[in-house]
Amino acid sequence: MAMKDKLDLDLLQEEDDLEDTQEGKYLTFLLINEEYGLEIQYVTEIIGIQRITEVPDVPEYIKGVINLRGKVIPVMDVRLRFGAAVREYDERTCIIVIQVKGQPMGLIVDRVSEVLDIPKQDIEPAPSMRRSRENRYIQGMGKVGEQVKLLLDVEKLLEE
Amino acid sequence: MGEDQERIEMIGDFVAESRELLEEIEPQIIAMEEHVSHAGMVDDEILNSIFRLFHSIKGMASFLDLQTVINVTHEAETLLDIFRKGKASLAPGHIELLYKTGDFIKGLLNTIEQQLSDGGLENEARGIIGEIQQTIQGIAAKADPAEEPEEQSPPDPAAWIFTITPEMIKRFIEDGWEILEEAETSLLQLENKPNHYPLLEQIFRSFHSFKGNAGFLGFSDLEQVSHGAENTLNEMLEGQVTVNNEAISELLKTIDSLRDRLGKVVVPYEQKIAKEDDLVGEQAESSSLLEQQQVLVEAERLPTNGNVTGGADPNKNVTNNIQQAIRVDVEKLDTLLDLVGEMVISAAMVSHNPDLQGLQLDRFEKAISHLNKITRDIQDVSMSLRMVPLAGIFRKMVRVVRDVSNKMHKKATLEIIGEDTEVDKTIIEQISDPLVHIMRNAVDHGLESPEQRRAVGKPETGRVILEARHTGGEVWILIRDDGKGLNRERILNKAIERGLLLNERQDLKDEEVWKLIFEPGLTTVAEISAISGRGVGMDVVRQNIEKLRGRIEIRSTPGQGTLFIIRIPLTLAIIEGMVVRVGKAMYTFPIASIKECFQPKGSQIVVNPDGLEVVNIRGELLPVIRLHQLYKVQPTFEGLTEGILIVMESEDQKCCLFVDELIGQQQIVIKPLPPALGNIRGVSGMAILGDGEVSMILDIANLMVSTEDLLGIKTE
């Protein structure tokens with residue numbers, strides 16, 4: 001009996017570990033011809049582009065709000081956030097719904113790619129010499145084989 | 001078992017009914033007090049009704065053989081009877097005693113609810129009974145030697161086997177705050193009449209019962225500290241120590257220290273007292289605040305831990321049976337309400353489904369109208385589950401105003417309007433604190449002393465008005481006083497002194513200046529009083545209200561008074577809304593705020609030289625707000641005669657909104673504005689329409705203010 005309890009405990013422990021394995025996982029997506037990565041722990045779901053209700057008095061990059069199964073969620077066009085040009089939404093345009101500090105937000109991106117493991121040792125700090133505006137929202141660069149993914153600092157992205 | 005069960009039920013009924021009666025007693029006592037101070041005599045009717053209330057409690061108690069309750073209510077009756085028969089006139093001390101008696105019975109009821117008897121409380125009851133008897137003796141002036149209030153033999157401790165339950169500790173904490181508060185009040189009174197023997201005795205008893213409780217539950221440090229105070233008081237009573245300012249200050253310090261310690265008492269099995277961080281932060285600064293947070297914590301804990309509490313004490317389980325209610329986890333309730341909201345939307349989506357258009361579906365129509373009806377009923381019922389009238393909290397404010405005005409030597413009346421207004425339970429929990437603060441401030445800082453009021457030609461008695469109402473999708477709680485108003489200069493100077501403002505910012509608007517009082521550490525009162533003025537409080541008020549996604553506004557006119565408006569959106573509410581279209585955008589208005597809709601004729605419209613359009617409706621001239629200009633969208637119609645004008649009314653303002661067309665009336669589920677969007681002019685929430693689209697709900701009052709900015713019209 002005691003043995004079994006202990007086993008159960010171990011199993012529980014393992015489940016906790018599973019939770020932790022979200023660490024180092026990134027959802028990658030395409031935006032302005034670059035591959036970006038976003039820590040998977042922030043992502044709640046990915047949906048196709050849908051009807052957006054415009055809202056006044058918000059920055060240009062906040063496109064408005066959507067109805068996600070009865071919840072009203074604001075959406076941000078990440079292109080506009082980076083100061084890039086507007087691009088017509090198409091069937092590959094996606095909204096990545098994230099949750100940061102308890103607040104939901106939809107991120108409009110050109111295309112969602114895949115989920116990747118990027119271990120810590122493969123992440124370099126964002127080079128500071130680049131002075132482009134988007135650099136403000138990059139927390140590091142992840143090396144995946146030959147490619148480099150720009151890792152988003154989600155919290156900064158949502159700051160005013 | 002059957003018999004036991006019956007008694008349990010009877011006791012449950014007794015407790016519930018007595019509580020109601022006690023709630024009635026308090027306003028009556030206040031009414032009586034007012035009557036005495038105005039007319040200089042007791043109103044027989046009020047006196048009789050108070051008498052009857054105590055009498056009913058006594059009657060019920062004797063049926064159940066609750067001896068302590070009987071004894072206490074009996075003494076109260078005897079006391080009241082003296083006044084009824086006109087043998088003596090009512091003095092403030094007597095009123096105080098009646099309050100105390102009421103409070104004591106409240107405490108008894110709590111215990112009875114838990115242990116199903118009032119045994120074990122005889123000792124405590126002796127204190128209050130003795131007090132009443134003494135008063136009676138004092139009045140009667142014909143001492144009855146038989147009724148000596150000397151201690152009788154205490155009950156054999158072994159006869160009562162006590163296990164210390166978390167409830168007892170919780171009660172001890174609650175009572176502790178009360179006792180300390182009482183002791184403090186009395187000490188402050190003692191300062192003015194140092195030779196007032198009964199007062200001194202009362203304080204002695206306070207410390208004594210605090211010590212007793214602490215000792216009983218094994219809080220030895222609390223016991224020791226209060227024991228020290230008790231000794232000092234005893235020496236005072238025996239004349240060995242003179243009662244002077246210093247001695248009183250010393251005792252007040254002891255109270256502070258006891259409060260400090262009491263604040264750190266941890267109720268076992270709970271994850272400590274929640275929000276301890278907050279507590280520690282403010283502990284040193286305001287003990288009265290602490291007390292309120294304590295209450296708040298209790299309130300928050302109850303709904304979720306109801307089951308845990310029940311399990312910890314076997315008696316409690318029994319008590320749960322007698323209540324004709326089930327405790328439900330608030331989270332479950334919230335989920336249910338969310339689902340109901342979704343169901344309303346889904347039902348609308350089915351009945352307004354575009355696929356059905358143009359089809360002749362008689363049986364379907366019948367079925368769907370039935371579905372809609374049931375949906376609406378379910379929604380009404382589930383909404384009411386969480387709604388509680390504000391009356392409970394509002395009534396408490398009567399006491400707050402009374403206590404503060406007494407303590408601060410001010411005269412004040414409190415008027416309550418709209419106490420039936422129902423609000424969500426979370427609002428009740430969160431609003432209590434801020435309300436107490438604002439009420440205290442209104443009396444303490446807002447109202448002038450009677451002398452000052454007379455000097456400026458106001459009636460000596462200040463007025464405080466507490467009002468609640470639903471406005472649009474919000475609940476408004478308004479607190480008005482007719483005092484001296486906020487002092488602009490003083491606030492500005494203080495803010496500069498505190499480094500909140502730079503010197504050059506003297507050109508701030510009044511509203512911006514008033515907002516400064518919510519900054520931590522800003523107090524404009526030169527001297528810190530026992531009640532308010534320590535600069536904590538207003539920032540906490542704002543925090544609590546912001547937790548409810550609410551706002552607080554201040555309007556103040558020097559010499560005339562201050563108005564606080566607490567505006568809280570309804571968490572989940574379903575309202576009748578009118579959906580309108582402007583270009584591609586859909587907006588929703590609460591039906592309640594729409595007066596009429598019409599298509600204007602050219603002759604009705606006048607344009608001011610400054611470009612303001614005014615429409616003449618049966619002789620009434622109203623400004624036109626073009627919604628498309630306000631929100632910068634492309635409208636279908638530019639000409640006023642092509643679209644629709646909606647006449648809106650809010651507060652005492654009216655205006656016309658210009659839109660393209662009316663889409664129709666719908667049940668609207670109000671969803672909160674996502675915080676990430678910040679404040680949007682004129683928008684109080686979001687609605688999901690029948691077709692699944694999101695629409696902004698426009699709040700008329702806000703809209704008018706923002707349009708005034710837009711059009712450059714000066715308010716007032």
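Things worth noting here:
- Extension gain for residue B:23 to residue B:39 (0.36 nm times residue separation, less C-alpha to C-alpha distance): 3.3 nm.
- Between residue B:576 and residue B:591, the simple label model (points 7 Å from Cα in the Cβ direction) yields a spacing of 0.3 nm.
- Anisotropy class of region B:574-711 from Cα gyration tensor, a/c 1.5 cut: prolate
- Between residue B:231 and residue B:679, the distance separating the two model label sites (each 7 Å from Cα on the Cα→Cβ line) works out to 5.8 nm.
- Of the residues B:655, B:597, the one with the fewest other Cβ atoms within 10 Å heads the list, and the complete ranking is B:597, B:655.
- Taking 0.36 nm per residue of separation and subtracting the Cα-Cα distance, full extension of the segment from residue B:512 to residue B:641 would add 42.4 nm.
- For the pair residue B:84 and residue B:539 in one chain, pulling the backbone fully straight at 0.36 nm per residue adds 159.0 nm over the alpha carbon distance.
- Cα gyration tensor, region B:2-153 - rounded (a/c under 1.5), prolate or oblate: oblate
- Site pair residue B:360 and residue B:693 shows an inter-label distance of 3.1 nm when each label is modelled 7 Å from Cα along Cα→Cβ.
- Estimated FRET transfer efficiency when R0 is 41 angstrom, pair residue A:84-residue B:376 (beta carbons, to 0.05): 0.30
- Cross-link pairs beyond the 27 Å C-alpha cut-off, checked among B:106/B:425; A:101/A:149; B:632/B:671; B:193/B:410; A:71/B:584; B:170/B:411: B:170/B:411
- Other protein chain C-beta atoms within 10 Å of residue C-beta, averaged over B:680-689: 3.
- Those trypsin sites (Lys or Arg not before Pro) in region B:554-662 that DSSP places in a loop and that have at most 10 other beta carbons within 10 Å: B:618, B:632
- Other protein chain C-beta atoms within 10 Å of residue C-beta, averaged over B:691-699: 4.
- Region B:330-388 shape via C-alpha gyration tensor axes, a/c threshold 1.5: prolate
- Förster radius 56 Å - calculated FRET efficiency between residue B:662 and residue B:266, Cβ distance, rounded to 0.05: 0.40
- The mean number of Cβ atoms from other chains found within 10 Å of a Cβ in peptide B:216-229 is 0, as a whole number.
Any read-out appearing in this document is the output of simple, stated calculations on the displayed coordinates, not a laboratory observation. Computed from a predicted structure; not experimentally measured. As a convention, Cβ positions derive from the backbone with ideal geometry for all residues, glycine included, and neighbour counts pool all protein chains shown.
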